[in-house]
């Protein structure tokens, strides 16, 4: 049995498969996911699971060296941006145009789709290399 709190096998496998600088996306229900990118669909209904519940659990399992968000989240959903900053703590966050964000999702190892309906509640987590001196 696993010791950590993450019990979803697809999410656990996606995180375990990440190498240094690989990307994992946690997305709201509306973010377009490229056909070539692995989709892990957790969305059950509006708001379930939330973006932040999903992010909290993923952060328990994944070593993150940097995060990317859409610039638009700062003005359209500032409460989401503030909460992302709070949840990520000391992890550096870079804001990029939403179109660039969507293009980057095609390079992600996986996109975890939540039931979140708040606009721009999306984050790209970039895997760190803890324990390897990189």
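For the condition at pLDDT 95 or above, in contact with a strand residue (DSSP E or B) (Cβ under 7 Å, 6 or more places away or on another chain) and on the phi > 0 side of the Ramachandran plot, residue 21 qualifies. Restricting to the stretch 13-35, what's the tally of residues that are surrounded by 15 or more Cβ atoms within 10 Å (Cβ to Cβ) and over 24 Å from residue 119 (Cβ atoms)? The number of residues fulfilling the criteria is 4. The residues in the stretch 1-26 that are in a loop (DSSP other than H, G, I, E, B) and more than 24 Å from residue 65 (Cβ to Cβ) can be counted, and the count is 2.
The values are calculated or read from the model by the stated rules, or taken from the named source; none is laboratory data. Model, not experiment: these values are computed from the prediction. Every residue, glycine as well, gets a Cβ built from its backbone with ideal geometry; the counts of neighbours run over all protein chains shown.
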